[in-house]
Amino acid sequence: MNNLGTDVVVAGAGPTGLMLAHELALAGVDVVVLERLPERTGLSKALNLQPRTAEMLELRGLLHGAEERSFTTVQDGHFAMIPVGYDGWDTRFPFQLGIPQAQVEAYLEEQLATQGTKVLRGAEVIDFVQDKDSVSVRYRTNGGETRLRAKFLVGCDGGRSVVRKGLDVDFPGVNGEGFGMVADVLFDKIPDGAQKQWRTMRNVGGATGDTTFKGLIPLGEPGLYRFVYGDRASRPADIRSAVSHDEVRRALLESYGDSATVSEIRWASQFSDAARQAEHYRVGRVLLAGDAAHIHFPAGGQGLNLGVQDAMNLGWKLAATVRGWAGDDLLDTYEAERHPVGAQVLHNVAAQTGLIPRSHESRALRAVFADLAALPEVSRHLSGMVSGLGIRYATYGTSHPALGSRLTDQDVATEAGPLRPSTLFHNGDFVLLTTSPAHTDAARAQARSPRLTTQLVTSLPWPSTDAVLYRPDGYACWVTPTPTR
Ligand SMILES: Cc1cc2nc3c(=O)[nH]c(=O)nc-3n(C[C@H](O)[C@H](O)[C@H](O)COP(=O)(O)OP(=O)(O)OC[C@H]3O[C@@H](n4cnc5c(N)ncnc54)[C@H](O)[C@@H]3O)c2cc1C
């Protein structure tokens with residue numbers, strides 16, 4: 001490793017950092033995860049995995065374990081709390097998996113440990129210095145300060161990222177005007193009208209006043225609910241301050257009247273509606289992913305999912321660079337592909353918050369929008385945006401419908417019978433589905449990686465297509481014959 005302590009330092013063991021470390025370890029890259037907190041908090045901001053995240057976990061054989069830790073499946077998504085379905089996306093997972101963020105983190109950390117990678121806890125990144133060959137990361141533990149040299153550093157250290165600040169990249173956006181509050185509340189008597197199981201986004205909540213909104217999501221344990229409350233037009237003086245139980249009780253009373261009685265408030269927190277995105281995701285040997293690269297109001301349940309998908313996009317590219325299979329041009333496609341996806345999420349979140357009614361006119365606008373969202377094509381468009389299913393990378397052009405598109409994981413025909421292609425991705429290889437072994441060399445040249453799994457198929461679902469090559473994150477990057485238009 002040439003006097004380096006490790007190949008890659010990942011700052012932060014949230015869902016993004018853990019997923020990234022998993023991908024790197026899978027590719028045989030030496031990775032050290034530095035996490036400021038001495039132990040996991042066990043608290044959950046996010047509660048869901050979107051269909052595209054489920055598909056990606058399935059590519060690694062990890063979905064089953066996540067399902068075991070989930071408490072429900074939700075049959076639809078939503079746009080500004082207006083339900084939208086997943087019809088037309090050709091996915092095996094047309095639902096959101098209800099799973100607390102803490103469970104996602106615990107599960108990913110377990111998986112990482114089975115790969116021999118441990119999270120170094122109580123290790124806070126302070127700063128770093130990079131040159132053309134390496135990056136030196138300074139971190140603090142209760143034993144003092146240490147320096148670790150690596151080929152790359154990835155900041156997965158959340159919205160207040162020290163790594164992003166150290167890079168001095170712009171983080172443009174808006175401060176927002178309002179706030180939201182979440183609390184996990186155990187009721188003795190649940191509020192009138194609250195659903196008992198979270199199966200749909202219908203009846204979860206909605207607007208309460210001109211600028212206020214509320215929601216109640218059952219968390220699986222009898223009487224336990226995630227209470228969401230917010231005001232788009234008024235923000236507490238200190239958005240980082242702790243939320244008192246009295247404030248939660250007041251917000252509950254305002255939202256649901258005195259029909260409910262509370263047994264316990266397990267935790268409460270507040271969040272801002274600021275929206276910002278780092279101008280660059282890469283500066284030399286330092287990269288950003290997840291909330292370190294983008295923050296936004298949690299409308300639609302997208303943040304964790306965006307971060308995990310950043311990690312899937314970056315993992316194989318960084319591994320290929322570290323292992324010398326690919327050069328800078330491949331690593332640069334991380335920002336080229338993921339920055340527009342992040343920008344699109346900030347855009348749709350702004351649109352969703354704009355649909356929270358605050359006037360006679362906006363209530364009318366919301367009603368018209370809800371009518372439109374009931375149309376199948378509109379519903380598909382909206383759910384594609386929020387779920388990640390609609391992502392198509394422009395990197396490879398659009399001359400063939402598969403290029404830049406995700407593997408939909410429909411069975412392919414082989415001589416041995418139907419085969420589910422996702423099973424070929426478990427070890428993080430490129431995957432070639434081909435009607436002839438003659439295409440393997442060309443595909444290997446495209447992949448620029450020795451890690452290629454070739455699967456002979458008797459046919460492919462596109463006319464005049466003999467072979468399609470998928471990247472390790474499940475997006476098609478090459479087809480043959482080369483389309484002529
Ligand atoms: C109220 C609320 C509800 C949400 N609901 C949803 C939802 O339903 N669905 C969804 O998809 N998303 C949701 N989100 C967003 C989601 O929680 C975040 O997008 C997600 O946590 C981002 O993951 P991350 O790993 O990028 O960052 P984080 O989860 O913030 O993890 C960063 C990690 O880095 C560590 N760290 C920070 N600084 C340092 C340092 N200097 N050195 C070392 N370690 C450091 C932190 O301790 C932390 O463990 C919600 C957010 C909020 C606030």
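Residue selection: residue 299 satisfies the criterion of being within 16 Å of the ligand (Cβ to nearest atom) and under 15 Å from residue 81 (Cα atoms). Annotation: of all residues in the range 457-471 being β-branched (Val, Ile, Thr) and in a loop (DSSP other than H, G, I, E, B), the one that is nearest to residue 425 (Cα to Cα) is 457.
Of the candidates 128, 95, the single residue that is within 13 Å of the ligand (Cβ to nearest atom), aromatic (Phe, Trp, Tyr) and touching a strand residue (DSSP E or B) at 6+ places or on another chain (Cβ under 8 Å) is 128. Going residue by residue through the range 429-438, is there one that turns out to be modelled with pLDDT of 95 or more, assigned to a helix (DSSP H, G or I), more than 23 Å from the chain's Cα centre (by Cα) and not charged (D, E, K, R)? Yes.
For residue 227, the conditions (1) in contact (Cβ under 8 Å) with a residue 60 or more places away in the chain; (2) in a strand (DSSP E or B) are fulfilled apart from (1).
Contact map, the range 294-318: first residue within 16 Å of residue 406 (Cβ to Cβ) and of a type in the set (Phe, Trp, Tyr), second residue within 8 Å of the ligand (Cβ to nearest atom) and not in a helix (DSSP H, G or I), Cβ cut-off under 9 Å, separation 6 or more or different chains; the map is empty. With a requirement of 2 or more residues that are among the charged types (D, E, K, R), the strands (runs of 3 or more DSSP E) lying completely within the range 140-224 that satisfy it span 144-155, 179-189. Can you tell me which residue is nearest to residue 112 (Cα to Cα) among those in the range 60-85 that are touching a Leu at 6+ places or on another chain (Cβ under 7 Å) and in contact (Cβ under 8 Å) with a residue 40 or more places away in the chain? Across the range 60-85, the extreme among qualifying residues is 66.
Set side by side, the residues 188, 133, 192, 168 differ, and just one is acidic (Asp, Glu), surrounded by fewer than 19 Cβ atoms within 10 Å (Cβ to Cβ) and on the phi > 0 side of the Ramachandran plot, which is 168. Selection of first residues in the range 190-206 that are farther than 24 Å from residue 231 by Cα and of second residues that are surrounded by 14 or more Cβ atoms within 10 Å (Cβ to Cβ), restricted to Cβ pairs under 8 Å at least 6 apart or on distinct chains, gives the following pairs, ordered by first then second residue: 196/190; 196/218; 197/72; 197/218; 199/72; 199/73; 199/74; 199/75.
Working only within the range 74-95, note down all residues that are in a strand (DSSP E or B) and of a type in the set (A, V, I, L, M). Show your work before the answer.
Initial filter on the range 74-95 (in a strand (DSSP E or B)): 74, 77-79, 82-84.
Within the range 74-95, 74, 82, 84 qualify.
Residues that are at pLDDT 95 or above, within 10 Å of the ligand (Cβ to nearest atom) and charged (D, E, K, R) are absent from the range 167-182.
For (1) at pLDDT 95 or above; (2) surrounded by fewer than 24 Cβ atoms within 10 Å (Cβ to Cβ); (3) under 18 Å from residue 159 (Cα atoms), each residue gets a yes or a no:
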{"residue": "18", "(1), (2), (3)": "yes, no, yes"}
{"residue": "24", "(1), (2), (3)": "yes, no, no"}
{"residue": "32", "(1), (2), (3)": "yes, yes, no"}
{"residue": "35", "(1), (2), (3)": "yes, no, yes"}
{"residue": "40", "(1), (2), (3)": "no, yes, yes"}
{"residue": "43", "(1), (2), (3)": "no, yes, yes"}
{"residue": "48", "(1), (2), (3)": "yes, no, no"}
{"residue": "64", "(1), (2), (3)": "yes, yes, no"}
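For the range 121-142, state whether one or more residues are touching a residue at least 12 places away in the same chain (Cβ under 8 Å) and under 30 Å from residue 68 (Cα atoms). Yes; the residues of the range 121-142 include at least one that is touching a residue at least 12 places away in the same chain (Cβ under 8 Å) and under 30 Å from residue 68 (Cα atoms). In the condition set (1) in contact with a helix residue (DSSP H, G or I) (Cβ under 7 Å, 6 or more places away or on another chain); (2) more than 13 Å from the ligand (Cβ to nearest atom), residue 133 is compliant with all but (1).
With 258, 328 as the choices, which residue is surrounded by fewer than 22 Cβ atoms within 10 Å (Cβ to Cβ), away from the ligand (no atom under 16 Å from the Cβ) and within 30 Å of residue 235 (Cβ to Cβ)? So that I can check it myself, show each step before the final result.
Numbers: 328 fails: within 30 Å of residue 235 (Cβ to Cβ).
Answer to the check: 258.
Scanning the range 411-428 for residues that are outside any loop (DSSP other than H, G, I, E, B) and within 16 Å of residue 468 (Cβ to Cβ) turns up 412, 413, 414, 419, 421, 422, 424, 425.
Conditions (1) under 21 Å from residue 200 (Cα atoms); (2) assigned to a helix (DSSP H, G or I); (3) of a type in the set (A, V, I, L, M), marked per residue:
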| site | (1), (2), (3) |
| --- | --- |
| 330 | no, yes, yes |
| 334 | no, yes, no |
| 356 | yes, no, yes |
| 368 | no, yes, yes |
| 389 | yes, no, yes |
| 398 | no, no, no |
| 401 | no, no, no |
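Yes/no per residue for (1) over 27 Å from residue 335 (Cα atoms); (2) within 24 Å of the chain's Cα centre (by Cα):
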position	(1), (2)
104	no, yes
114	yes, yes
127	no, no
161	no, yes
170	no, yes
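Give me the helices (runs of 4 or more DSSP H) completely within the range 1-73, filtered to those with at least 2 residues that are near the ligand (Cβ under 8 Å from one of its atoms), ordered by residue number.
Values: elements: 15-26, 51-59, 63-68.
Because the criterion is at least 2 residues that are near the ligand (Cβ under 8 Å from one of its atoms), the helices (runs of 4 or more DSSP H) in the range 1-73 that meet it are 15-26.
Please go through (1) touching a helix residue (DSSP H, G or I) at 6+ places or on another chain (Cβ under 6 Å); (2) crowded, with 20+ Cβ neighbours inside 10 Å; (3) small (Gly, Ala, Ser) for residue 159 and return the number of the only condition it doesn't satisfy. The failed condition is (2).
Here are 77, 65: which of them is farther than 17 Å from residue 15 by Cβ and outside the structural domain of residue 406 (by TED's automatic domain parsing)? Before you say what the answer is, go through the steps one by one.
Values: 65 fails: farther than 17 Å from residue 15 by Cβ.
Being farther than 17 Å from residue 15 by Cβ and outside the structural domain of residue 406 (by TED's automatic domain parsing) holds for just one of 77, 65, which is 77.
Answer yes or no: is there a residue in the range 456-466 that is at pLDDT 95 or above, farther than 27 Å from residue 51 by Cβ and hydroxyl-bearing (Ser, Thr, Tyr). For the range 456-466, residues at pLDDT 95 or above, farther than 27 Å from residue 51 by Cβ and hydroxyl-bearing (Ser, Thr, Tyr): present.
The values are calculated or read from the model by the stated rules, or taken from the named source; none is laboratory data. Because the structure is a prediction, the values reported are computed rather than measured. Please note: Cβ atoms are built from the backbone with ideal geometry, for glycine as well, and neighbour counts cover all protein chains shown.
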